[in-house]
Structure formats: C-alpha cells, structure tokens
Amino acid sequence: MNEPTRPLPHTNEMDTREFWAATKDKELRYQQCDDCNTVVFYPRRHCMGCTSGNLTWKLSKGFGTVYTYSVVRQSYHPFFRGKVPYAVAWIELDEGPRMLSNVIEVDDPSADVQIGMKVELVWEEHEEVNIPLFRPAG
Amino acid sequence: MNQRDAAIVGIHEHQSRDVEGKVSALQIKAESAARALEDAGLSWSDVDAIYDAGDGGGMNGLTIAEYFGLKPAVIDTTNVGGSSYEFHAAHAKRDIASGKANVALLTYGSTAHSNARAIGVGGRGGGGHHPADNMDMFTGMTLVANYAMVAHRHMHEYGTTSEQLAEISIATRCHAMRNPDAVRAMEDLEFLDIRETTIDDVTNSRMIADPLHLLECCMISDGGGAVVIASPEVARNCSKSPVWILGTGEATKYPQTSADITTSAGAYSGTQAFGEAGISPAEIDIAMIYDSFSITVMVLLEDLGFCQKGEGGAWVEGGRLRFDRPGDGPALNTDGGGLSSNHPGMRGIFLLIEAARQLRGESCSQVSDAKLAVAHGNGGMLGSRHAAGTIILGRD
Ligand SMILES: [Zn+2]
C-alpha cells in the first residue's frame, strides 16, 4: 500500500505551467505587466490592468505576512486527513501577490499561527515540482 | 422608483432532504416545477422561459427543456454556485420586462446527501485544470476553512467573537424547530439532540476549521425546489397574491492584492438592488441570507447595510434576528436556513421561496404584516472567489 501523497498541480496547465516549472529550481515566480506594472497572480497570459500581453516573470524573495488563516481539523482527503490539524493561510507576499499555502513547522497551529505574523518560504520537494509552503520567519 | 414588472407567483420546496437514492435530481426539478406551476394556477404550456444552473451536464439548457417538454423562447443556464437562483430571478425580471417572456420557470434539484458528496469537508484532490485551482489545490483547504479564514480576519479586525457568530446559528435553529420539514430533515440526516440551541451549545460543539464550530456549518441534504416568475398581466390572474421583484443586483469578487476579505461582493449587489427598489435596509422585514456558515451571514448583514462594516457582532446580540423580535431588524432565515433546514449544495432558490412565503403570510415562523424581504445568495467561496445576487421582494 502506497502512502497517500499531497495532491500536486498539473504541470501542463497552460497558464500556470511556467510557474510550476520554476519551482523545480526553487524559484517562486509571479508576473508583472511591462506596460502598466499590474502584478498578475495567479499566472495568466494577459494583463488584467490593461490589454497588454507583455508580462515579465519576476522572482519573489519568499517573505510575506499571514493575511488570514484557518486550522483544518476535519478533512476526508486521504492525504490531508492524516495531517490534521494543519494551518491553511492566505499569505501576502512582500512583492504584492496574495497566495494560498500552508504554514508549517509550528507545534500547535492554533496557538502558533497568527494574523500579521511574518513568514518565509520553505520548499517541499517532489519529483516533478516543488511545493511552496511557509514557516514562521526566523 | 421601482418597476413592478415581474412577480413570483408560484413556489415549491421539495419536502424530503433524504430521498435515499430513490429520486434523481432531474425528477426533483420536474416535480417541483409541476407543484410550483399548480401553486400559481398555471401549467407547463404557460412557461416560455427557463432558468437552470446547468448542473445537469453538457448542453443542459437544451436537455432540460426537452425533459420538461417545453420549447421556451428564453434559456438561461447561468451557474454562479448557490447564488445562481438570485441571478436567475434578476434575469427573469429583465427578460419579462423586455417582453421576451411572460412566465419564467426556475428549478433546482440535488441528491448531494444521497451521493454522500462531501461538499463541506472534502479537500479537493489532484491538480485542477482551471489555472486558479491549479494554484490552490495543494494546500488542503476545505470549504469550511475557506469561510473560516474570513471569520478569523473579521475577528482580528473588528473583535467579533464566536459567541456573536453563534447568535446566527441559534436564531436559525429556533426557526427550524417551528418548521416540520426542517425538523424531519434534521431527523433524516441524523442530527444529534434536535432542539433549540444556546450560544454555549454552538461554541462547545466540535471545531471543524478554526474558528468555525460544527453548529456554525450548514447541513448536507438532498432537495430542490422551483419558482415561477410572471409578468403583471399573468400575475393578476394567478391563484396567489404576487410577490414583486422590486430590485436586483449581481456582483463577483476574487482574491486580489490588498483586497479586504471581510467585505463580500454583496456590498455591490446589495447597493444595486436596494437602489433599484428605492428602499433602505431598515425597511426590510425578512432577511433570507445564504447561511452556508455563520460568518457568511455576519459579513452579509454588514454588506447589505443592516449595520456598519465590523459592527455585525454587536448588532446580532440578544436574539435580534428571531422572527418574534419585529421592529429592531429583520427576521433571519425563517425556514431554518442551510444551517438547520435544507442545504443540498446550492440553496439560493430556497431564499426566494421562503421570502415569498413570508410575504404571502404562509411561513411557519410568520412575521406579522411582513411587507418587504431581501433574498441574498452567495455562490462559490466567500474567502476566495464568489458571486453575489441580491433580490428585493415586496407584496401588494
Ligand atoms: Zn497591463
């Protein structure tokens, strides 16, 4: 019996495949419009701020703030039900994008994760991609 | 001032919340449609417009028309989750006002409970083929956790407490206990200890996703219903008194840099709907607000303008939302809501149905002389991407 594993992204999804490809090099990337500077996230092929398609991939330094979070105590998913309780959070990256992730490396997520706390990127390694998770900034 | 150019003239809510796999979602739709048409004193042949959330598969607008045996002039398969039926009502009013249709039929059917579809607690598995899904799915965020993140931020910014959120659960349970269909639903779904609840009952119930407790989460039932909306000419000759659609609003919201998660798309749809109706929230007798979770109602009471943003916690205290407290705010979800009566996945149609019951004087928790109601559907997920549909209803 194989251990259940974390659900992983499709690496061939047309808008996000470059994002996931960059994770192989442990790079957290987001897009910005050359013409109007709009930050585009999740990744797309078009700018939502103007009609330009001139988007440049930028590299996040991987630091951010917990905008809000929850501690999941019940899940029916074969992988996640073995992980409860775990923290899911909206992370506001210092560069602007707000991304959904987990806050890990805490003893008690209810007590140790707080809104406004500073977090830093930590990669969970997989074969095809690496998964961007966060831990309290140290 | 509002135009009385379309009215709800027929309603039906499927009674059973547990069909034990013996009835299909399509059959629930058709049966509900027939009962709602009878309620209006109309028949299939009167219907010239159908509205369906397209949850029946490919080419659903075509297949549902054939299934009903209709050749409608208008087909609308807008699907914005649980708010689809408020969008449909808005579109029906527009289509009737423009002369494209006279009798609009909205239907919903679901066997979510029989399918044991874990809509409330399932982590989405595997990668998503939509780019947004493909960015989120690795986190194990459950539906409850999505809403719980709104609750946490609301608590953080405004000092809202679990006890205040619990007020929403106990008000809807109070109303559910007066509704025989809701009581039977809770029995069929094997709720433990079916009775009116207290704040302590809610805050002592099991935590599902911090800070939301079990009794702050909707049930997962089977069910369905239908609503018939007609032109003034048709409405005049229907069996029941018309419930006019006085104003409508539609809006969407999704995650963006610096977006305030404690304000929903309802702030925009509500402003549109109240503006079109030419009335203020203070005039509303009945608030049918999508109670997927306690926090959904808290945020929406603020967004719809019953109180200021951030003041919802104090505003709901002391049982203010109960049906027997008229005069200091609207009665909330007098059918028992999604928390305690009926939630087969997309309960927006029940908001229209119970609002119409109240304005006809037919509710189990009737507010005496109820004149104005709001039905507000929230579809998708409050803490990320969601749609908001607001419908203002009034009687003659
Ligand atoms: Zn641009």
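Nearest 20 debye, what's the magnitude of the dipole of chain A about its Cα centre given +1 on Lys and Arg Cβ and -1 on Asp and Glu Cβ?
Here the size comes out at about 280 debye.
Counting each DSSP H run of 4 or more residues in chain B as -39500 (n - 2.57), what helix-only mean residue ellipticity at 222 nm follows after dividing by all residues, to the nearest 500 deg cm²/dmol?
-10000 deg cm²/dmol
Note down the magnitude of the dipole of the stretch B:328-396 about its Cα centre, charges +1 on Lys and Arg C-beta and -1 on Asp and Glu C-beta and zero elsewhere, to the nearest 20 debye.
240
Within 10 Å of each Cβ in A:98-110, how many Cβ atoms from other chains are there, averaged over the peptide?
3
Defining a contact as two alpha carbons under 8 Å apart and six or more residues distant in sequence, what relative contact order in percent does chain B show?
Relative contact order here is 26 percent.
Given the alpha-carbon gyration tensor of the stretch A:12-59, what are the semi-axes of its equivalent ellipsoid in whole angstrom, ordered largest first, with each equal to the square root of 5 times an eigenvalue?
Semi-axes, largest first: 20, 11, 7 Å.
Classify chain B: rounded, prolate or oblate, from the alpha-carbon gyration tensor (a ≥ b ≥ c, eigenvalue square roots; a/c under 1.5 rounded; otherwise prolate if a/b is larger than b/c)?
rounded
Could you run the numbers on buried accessible area between B and A, total for both chains, 1.4 angstrom probe, in Å² to the nearest 100?
3400
Counting only helical runs of four or more DSSP H residues, what would the 222 nm mean residue ellipticity of chain A come to if each run contributes -39,500 (n - 2.57) and the total is spread over all its residues?
-1500 deg cm²/dmol
Using +1 on the beta carbon of Lys and Arg, -1 on that of Asp and Glu, and nothing else charged, what's the dipole of the stretch A:12-59 about the Cα centre, debye to 20?
So the dipole magnitude of the stretch A:12-59 works out to roughly 120 debye.
Which GluC sites (Glu not before Pro) does the stretch B:186-252 hold that lie in a coil by DSSP with at most 15 other beta carbons within 10 Å?
When the GluC sites (Glu not before Pro) of the stretch B:186-252 are filtered for loop state and at most 15 Cβ neighbours within 10 Å, B:190, B:196 remain.
Can you tell me the accessible area per residue over the protein assembly as shown, all protein chains present, probe 1.4 angstrom, in square angstrom?
38
Place +1 on the Cβ of every Lys and Arg and -1 on the Cβ of every Asp and Glu in the stretch A:61-138, take the dipole about the Cα centre, and give the residue among A:136, A:113, A:72 whose Cα lies farthest towards its positive end.
Going by the charge dipole, the pick is A:72.
Could you give the distance between the Cα centres of the stretch B:142-200 and the stretch B:1-62, to the whole Å?
The two parts, judged by their Cα centres, are 28 Å apart.
How much solvent-accessible surface does residue B:87 expose, in Å² to the nearest 10, with a 1.4 Å probe and all protein chains in place?
Spelled out: residue B:87, probe radius 1.4 Å, area about 20 Å².
Determine ³J(HN,Hα), in whole Hz, for all residues of the stretch B:222-238 in sequence, where each value follows from phi through the Karplus function 6.51 cos²θ - 1.76 cosθ + 1.60 and θ = phi - 60°; x replaces Gly and Pro.
Each residue of the stretch B:222-238 in turn: 8, x, x, x, 8, 9, 10, 10, 9, 6, x, 5, 5, 4, 4, 9, 7 Hz.
Of B:130, A:77, which has the most accessible area with a 1.4 Å probe, and how do the rest follow in descending order?
Correct descending sequence by accessible area is B:130, A:77.
With only alpha-carbon atoms counted, please give the Rg and Dmax of the protein assembly as shown, in Å.
For the protein assembly as shown, the Cα radius of gyration and maximum Cα-Cα distance read 23.3, 72 Å.
Sort A:54-60, B:310-316, B:366-372 by the packing proxy (mean of other Cβ within 10 Å over each peptide's residues), most packed first.
Listed from highest to lowest mean packing, they are B:310-316, B:366-372, A:54-60.
Can you pull the percent of the stretch B:180-239's accessible area that's carbon plus sulfur, 1.4 Å probe, other chains left in place?
49
In units of 2.2 N^0.38 Å, what is the alpha-carbon radius of gyration of the stretch B:198-328?
Cα Rg divided by the expected 2.2 N^0.38 Å: 1.26.
Let me check something: with ligands and nucleic acids excluded, how do B:244, B:44 order by accessible area (1.4 Å probe), largest to smallest?
B:44, B:244
In whole Hz, with x marking every Gly and Pro, tabulate ³J(HN,Hα) for the stretch B:364-373 from phi via Karplus 6.51 cos²θ - 1.76 cosθ + 1.60, θ = phi - 60°.
Coupling constants for the stretch B:364-373: 6, 10, 5, 8, 4, 6, 4, 10, 10, 9 Hz.
The values are calculated or read from the model by the stated rules, or taken from the named source; none is laboratory data. Source: prediction; values computed, not measured. Ideal geometry is used to build each Cβ from the backbone, glycine not excepted, and the neighbour counts take in all protein chains shown. Quick note on the areas: whole protein, heavy atoms, side chains included, nothing else; ligands and nucleic acids left out. Shrake-Rupley method; radii C 1.70, N 1.55, O 1.52, S 1.80 Å.
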